1. Restricting to helices (runs of 4 or more DSSP H) lying wholly in the stretch 429-532: which have 1 or more residues that are open to solvent by less than 10 Å² (accessible area, probe 1.4 Å), among the β-branched types (Val, Ile, Thr) and within 16 Å of ligand 3 (Cβ to nearest atom)?
2. Could you look through the stretch 22-50, keep only residues that are touching a strand residue (DSSP E or B) at 6+ places or on another chain (Cβ under 9 Å), in a helix (DSSP H, G or I) and not β-branched (Val, Ile, Thr), and pick out the one that is most open to solvent (accessible area, probe 1.4 Å)?
3. Name the single residue, out of those in the stretch 403-419 being within 16 Å of ligand 3 (Cβ to nearest atom) and assigned to a strand (DSSP E or B), that is farthest from Ala754 (Cα to Cα).
4. Being at pLDDT 95 or above, of a type outside the set (D, E, K, R) and closer than 23 Å to Pro281 by Cβ narrows it down to one residue among Leu357, Leu316; which is it?
5. Any idea which residue in the stretch 312-327 is nearest to the chain's Cα centre (by Cα), counting only those that are surrounded by fewer than 24 Cβ atoms within 10 Å (Cβ to Cβ) and either assigned to a loop (DSSP other than H, G, I, E, B) or among the β-branched types (Val, Ile, Thr) (or both)?
6. Can you tell me which residue among Ile662, Ile650, Ile695 is surrounded by fewer than 18 Cβ atoms within 10 Å (Cβ to Cβ) and under 21 Å from Arg609 (Cβ atoms)?
7. Just checking, does the stretch 266-282 include any residue being among the charged types (D, E, K, R) and either at pLDDT 95 or above or within 19 Å of the chain's Cα centre (by Cα) (or both)?
8. Which residues, counting only those in the stretch 646-677, are assigned to a helix (DSSP H, G or I) and farther than 22 Å from Glu571 by Cα?
Amino acid sequence: MLTRTLIKVRGIVQGVGFRPFVYTLARKYNLRGRVSNDTAGVVIEVEGDPCVIERFLASILHSPPPFAHIDAVERRDNLLPVNFPDFRIDASTSTGLPQTSISPDIAMCSDCLNELFDPSDRRYRYPFINCTNCGPRFSIIEGIPFDRAQTTMRDFEMCRACRSEYENPSDRRFHAEPIACPDCGPELLLLDARGRAIPCSDPIAEARELICRGAIVAIKGLGGVHLSCNALDAAAVEGLRQRKFREGKPFAMMAKSVNEIAKYCYISPAEAELLSCSASPIVLLDRKPGAGIAQAVAPGVRTLGFMLPYTPVHHLLFEGLDLPLVMTSGNVSDEPICYENEDALERLRDIADYYLLNNRRIHMRTDDSVAAVRSGKTSSLRRSRGYAPMPIRTAFSFERQVLACGAELKNTFCIARGEYAYLSHHIGDLENVETLRSFTEGIEHIKRLFDLRPEVVAFDLHPEYLSTKYARKLALQDNALELVGVQHHHAHIASCLADNEAEGEVIGVAMDGLGFGSDGKLWGGEFFVADFRCAERIAHLDYIPMPGGAQAVREPWRMAAVYLHRAMGSEFLNLQLPFVESLDRKTWQYLRRMMDASLNCPETSSMGRLFDAVAALMNLRGSILYEAQAAIELETIAEGRITDGYEFEINCDGVIRAEPVICAVVDDLLDGRPAPEVSAGFHAAVAELILRIAIDARDGRGLNRVALSGGVFQNALLFELATLRLAEAGFEVLTHHRVPANDGGISLGQAAVANAR
Ligand code: ZN
Ligand code: ZN
Ligand code: FE
């Protein structure tokens, strides 16, 4: 019996070798028909024996190509046969709504690596080698379906050899849209600081040589331009810091292999796997002391961020190079990463000595992703290249399309439809015009790619966030749009639920720097009973003034003084602690008058500020050079046996007082207890606080599931202590994996809450 079946496959099925895979399989089963891309995914028509079609379909579902991700399959069986002469791959059709998922950029595969270094291959040492399993995707896509004409590769006309590979279903470059070779593809350009071409036969070898001699070279990669220098060369790294106006914040590095990285860091098998995965993120690793990395690469922190080469350019650069290289975003301080040649030459002109660029355009900039292994599992710290725009599948369905505008710092936005939330790549801190432009253009691009027309716009309650202002502006332009304000920490908890494909009520623990509270105060040490719809605040750190507002964030010593004053009054000025002895009394008196008059002293319940205060009172750091630096350094020194000496006071109204902890820390410091133990004790106290409140909530509400979210949980020690204690007490603990716990994950939570309202 002969029948025809029509199958529509949805998910990440374009640009990942899906059609040739189907083609080969159909040939194997002797089925006739056709396969093509449409705007929603892949459409397959086959005719033959129904049992054979069944086996064919099972093979597709059970072992799809490595980077494919099937979300849904629709099929219509028992159609009348049309007598296809053979099985073939048809041209893409662009009818219908774009609904397909777009593949993220994929690190170079091992087949391409072999060819790259095979002298007999026609792409021997060709820096833009790629195939159906690897290469640029999201960063070069201008529209869908994913066809060469809809990518920046349309600038290059395929040569005959490439075209025959591209058209040959049994070739591993069959419909590899970015296919290229030395005869027809992109080329490297080596330029000097003033943008003049440097004539040379091997630009990569030249760039390598320049780096070895101490130069800073701007190198264009997949999603943008890196600034690179020798990470063992103190003068080069310090020079880079000065020119980039980046004080203190760690630089990421790239090294040739896992073995090479192992010279500088401890690497677990899970970490090695994360380093080598196709997304190729920066992985935070514990550093080995005294391994020779220049001090200025990552001052004052326990970890180093490393990634492996992920483009052919990187692999060629590291040929014979046994040095780790700094690979930091090509930008000035907090601006977005450069991705266009002209722009790089302009904006990096006071930083880079040389430029290793190329003429393949990047359409969408994507920063490197950052991840770490926490308690044996991957935890995303910045989700961008290699992950975006892979949708996050949710346990529920979005009734209407939602655009969530995210937070101010580490912004991402999110557009959701059906069971998918399209979380954007990392946009950055919305504090300058450049980043804001990147935000608005990013939204337009994603809307266009997936043909999304949001009906609901979710935003943070903070009136001054630029993302909030953007949402309000949208609503003014289109009064059919519904606006939903979502409290910052409710969004954090909702994000954690969605990250885990969970729903329903949880005990939500949100700890971070600052987020606008529903009472107009700045929250950040919050306990809720929450679901997507609402969040009931059951406990929080007591409010404390932040004299000078944002200045108190930059100067943790202010928080230490305020906490000490709160705990022991003006007596604290007599303490024989280095912090107190070196305190600027005049400024302190000035701050006191500000507080008495309630002038520019917003009140906060932030856990981040409490970490700052403890770090400052231990004299670790009075003012910071980058976000959360004091807290990171407090975590870095923690060591030794943890004794539960410190205890928060929880009042019956759920207000948590930190003063007893502050007093105990002071006593221990006066007694000469080593700082590493004091730090460890403080972390343990916070973990214990979380456990106590969770137990109260379990007793009172019968809930046994705890969701941990907010930037403070990027503190590995607190994360481990809290998850361990909660698990030991029998709680089910939800933590972040696919989406960052910090404000980079907020937009997903906003979308989920807006949908539930
Ligand atoms: Zn490949
Ligand atoms: Zn070619
Ligand atoms: Fe936050």
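1. In the stretch 429-532, the matching helices (runs of 4 or more DSSP H) lie at 466-477, 488-499.
2. Here is the first cut: in the stretch 22-50, the ones touching a strand residue (DSSP E or B) at 6+ places or on another chain (Cβ under 9 Å) are 22-23, 26-27, 29-38, 40-50.
From what's left, in a helix (DSSP H, G or I): 22-23, 26-27, 50.
Next cut, not β-branched (Val, Ile, Thr) only: 23, 26-27, 50.
Values: Tyr23: 34, Ala26: 0, Arg27: 122, Pro50: 45 Å².
Only one residue fits best here, namely Arg27.
3. The residue in question is Asn411.
4. Leu316
5. Per the criteria, the residue is Val313.
6. Values: Ile662 fails: surrounded by fewer than 18 Cβ atoms within 10 Å (Cβ to Cβ); Ile695 fails: under 21 Å from Arg609 (Cβ atoms).
Being surrounded by fewer than 18 Cβ atoms within 10 Å (Cβ to Cβ) and under 21 Å from Arg609 (Cβ atoms) holds for just one of Ile662, Ile650, Ile695, which is Ile650.
7. First, the residues of the stretch 266-282 that are among the charged types (D, E, K, R): 271, 273.
Add one more test, that the residue is either at pLDDT 95 or above or within 19 Å of the chain's Cα centre (by Cα) (or both), and what stays is 271, 273.
Yes, there is a match, as at least one residue in the stretch 266-282 is among the charged types (D, E, K, R) and either at pLDDT 95 or above or within 19 Å of the chain's Cα centre (by Cα) (or both).
8. First, the residues of the stretch 646-677 that are assigned to a helix (DSSP H, G or I): 659-670, 675-677.
Ala675, Pro676, Glu677 - these are the residues of the stretch 646-677 that are assigned to a helix (DSSP H, G or I) and farther than 22 Å from Glu571 by Cα.
The values are calculated or read from the model by the stated rules, or taken from the named source; none is laboratory data. All of these numbers come straight from a predicted model, not from anything done at the bench. No Cβ is skipped: glycine too gets one built from the backbone with ideal geometry, and neighbour counts run over all protein chains shown. Areas reflect the complete protein model, heavy atoms only, side chains present, ligands, DNA and RNA absent. Shrake-Rupley method; radii C 1.70, N 1.55, O 1.52, S 1.80 Å.
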